[in-house]
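Working notes, beginning with the structure itself.
The values are calculated or read from the model by the stated rules, or taken from the named source; none is laboratory data. Values in this document were obtained by computation on a predicted structure and should not be read as measured data. So basically every Cβ, Gly included, is an ideal-geometry build from the backbone, and we count neighbours across all protein chains shown. Note: accessible area is taken over every heavy atom of the protein model, side chains too, but ligands, DNA and RNA are not part of it. Shrake-Rupley method; radii C 1.70, N 1.55, O 1.52, S 1.80 Å.
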Amino acid sequence: MPPCRRVGGHVGAARAAAPVAAAVTAARRGGPFPWAMDGFVGRAAPRPAAQAGSALLPALHLPLLPPHLYRPATSHEYKLNFRKSKEACLSYIQDAMLQKQWKRAAEFLTFYIESLEKDFSTEYVGPSEMIWRIGTEILCHHSHSSMKEFNSFIEQMKTLGVKRYLKVCLEHAFHLLCNGRTDEAYQNLSLAESWRFGEQTTAQDKELKLIQAYRGLLDYYSWSKQKNVLLEYERGGFEDLSVEQEMHSSFRKAAVNLKEIIQIPGVWDLFVKCYVDLLEFYGDHDEARQVLSEYAYNSKFPANPNAHVYLYQFLKRHGEPKKSLISVLKILHDIVPSHELMIDFNIMLQKSKKRKKRRLGLEVIFAALDYAGWKENVKAWSCLARQVKQIIISEKHPDWIKQEWNSRKDWWPTFHFSRYLAKRNWQENESLAYEKAVVAGILLGKDCKYFKYVSHQGCKDQKKRFRTLKKFVNKHSSVYLRISGLSDSSV
């Protein structure tokens, strides 16, 4: 690992970005990077002939730059214009990046770096993070950049950016992982974990924890691969003690780092899932449950729907009673009423013998269908249709339906039950159209546009269940009157 030393001033920043600048410089000289100067509007114009007193000329004459960026200037004029020139150049870089013109962005970044080398102002500006961010983005997206160039650039950024050394290391590891270089990423994380630089090490304690956590994640990945190999051997009737020992070694290393990171308040979904997987494999279910409960219920952690999902899935896998499952899903409902598990929640509540839970089930499914993502969910409409039919047939608690409908009667008809939706639902999904027609007929009566269209189409196609539906709605029209607050005389 290269020694971490502070490279001060603009010259250091420019040198650290050498892989980006060198690519363009090589292109100017006919080197191996002809892509760099193939700019947005064609090749760069040739530089004017050298003149006496023109030592302050920028090294590169780029298209579209304002004249004061490349015209001959006195030292005094250069100092006055430098800040404006730098801001203009950064604006051009931003514009090129937003338009995904990576070649053009590389040209302007090269100009920016070379300008820093010629800055004679006394004010210190540390541009290393800016060059790191911009240079990384360009190298990640440029069609002709290579892993070798990226690695060279990032290593110099590590040397220059002592104050953000571990952040750069993390980004380097992510880039390696995205390119399938798992072993290199692990090696880089291990080196970063051993990095020490006086007070800067303490100042980057959070980043160091992340380094350790991601190394633990890669240890888990190694454990998972070895576990699969071992299971294959066992199915074939073979044994391999070396693989088993290596797997246990990976488990120990992964468990230590993963356990440490998930104790820090934060959102650690992936790390928690991996740690619980390790614990479950070795049969430590009590520890796994404690970890998930702490992650879900500890008030020091931010509200996180996934924490409750993971706990619910764990409890369900291990056959916990429905009371525990309902308790977890109740909290999830309060946080995200549109979560896909609300169907499971509604089904469990409907089957309960307790009136309070059945009432909650109706509330849950109505709330879910308030969201556009559920508009065409057949299961959700089936759950609602089944429950409102049960209420009507039993003639118990129609007030439950009325209470839910009162807050929705002004917007659900347009949102769910228009004639346009009836036609589209019928053409695309007959089952969806049927379930929605049941609800529409009960909530809005037999004259509802949605119900009339769907029941008419169903009866025309000689579908028995649609004829039965029509009779059911006509028979229970008094329920619609009570729900809507109308009386027989007002109709």
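What is the percent carbon and sulfur in the accessible area of the range 219-341, measuring with a 1.4 Å probe over the protein chains and ignoring ligands?
52 percent
Please state the shape class of the range 310-432: rounded when a/c is under 1.5, otherwise prolate if a/b exceeds b/c and oblate if not, all from the C-alpha gyration tensor.
On the way: a/c = 1.98, a/b = 1.46, b/c = 1.36.
Judged from the Cα gyration tensor, the range 310-432 comes out prolate (a/c at least 1.5, a/b above b/c).
Nearest 0.05, what FRET efficiency do Lys379 and Glu244 give at R0 = 41 Å with Cβ-Cβ as r? Provide the component values of the computation, followed by the final result.
Values: r = 44 Å, r/R0 = 1.07.
Taking R0 as 41 Å, the efficiency between Lys379 and Glu244 is 0.40.
At 1.4 Å probe size, with the rest of the protein present, what percent of the exposed accessible area of the range 365-407 is carbon and sulfur atoms?
In the range 365-407, the share of accessible area belonging to carbon and sulfur is 48 percent.
7 Å from Cα along Cα→Cβ at both Ser91 and Ser394: what's the point-to-point distance in nm?
Here the modelled spin labels are 7.0 nm apart.
In Å, what Kirkwood hydrodynamic radius results for the range 222-352 from the alpha-carbon pair distances?
16.4 Å
Sort the range 341-413 into rounded, prolate or oblate with this rule: let a ≥ b ≥ c be the square roots of the eigenvalues of the Cα gyration tensor; rounded if a/c is under 1.5, and if a/c is not under 1.5, prolate when a/b is larger than b/c, oblate otherwise.
Taking the square roots of the gyration eigenvalues as a ≥ b ≥ c, the range 341-413 is oblate.
Grab the other residues whose beta carbon is less than 15 angstrom from that of Ser431, score K and R as +1, D and E as -1, and report the net.
Counting the neighbours of Ser431, the net charge comes to +3.
How many Lys pairs in the range 129-263 lie less than 14 angstrom apart by Cα atoms, where the lysines are 8 or more positions apart or on different chains?
Counting lysine pairs in the range 129-263 gives 5.
Could you pull the Cα extents of the range 396-467 along its three principal axes, largest to smallest, in whole Å?
Here the spans come out as 36, 26, 19 Å, largest first.
In whole Hz, with x marking every Gly and Pro, tabulate ³J(HN,Hα) for the range 329-345 from phi via Karplus 6.51 cos²θ - 1.76 cosθ + 1.60, θ = phi - 60°.
5, 4, 5, 4, 4, 5, 7, 9, x, 9, 5, 4, 6, 5, 5, 4, 4
In nanometres, what is the gap between the two model label sites at Val256 and Asn474, each 7 Å from Cα along Cα-to-Cβ?
7.8 nm
Between Glu294 and Ser152, what is the label-point separation in nm under the 7 Å Cα-to-beta-carbon projection?
It works out to 4.7 nm between the two label points.
Is there a pair in Lys351/Lys423; Lys375/Lys460; Lys330/Lys449; Lys409/Lys446 whose C-alpha atoms are over 27 Å apart, and which pairs would that be?
Lys351/Lys423; Lys330/Lys449
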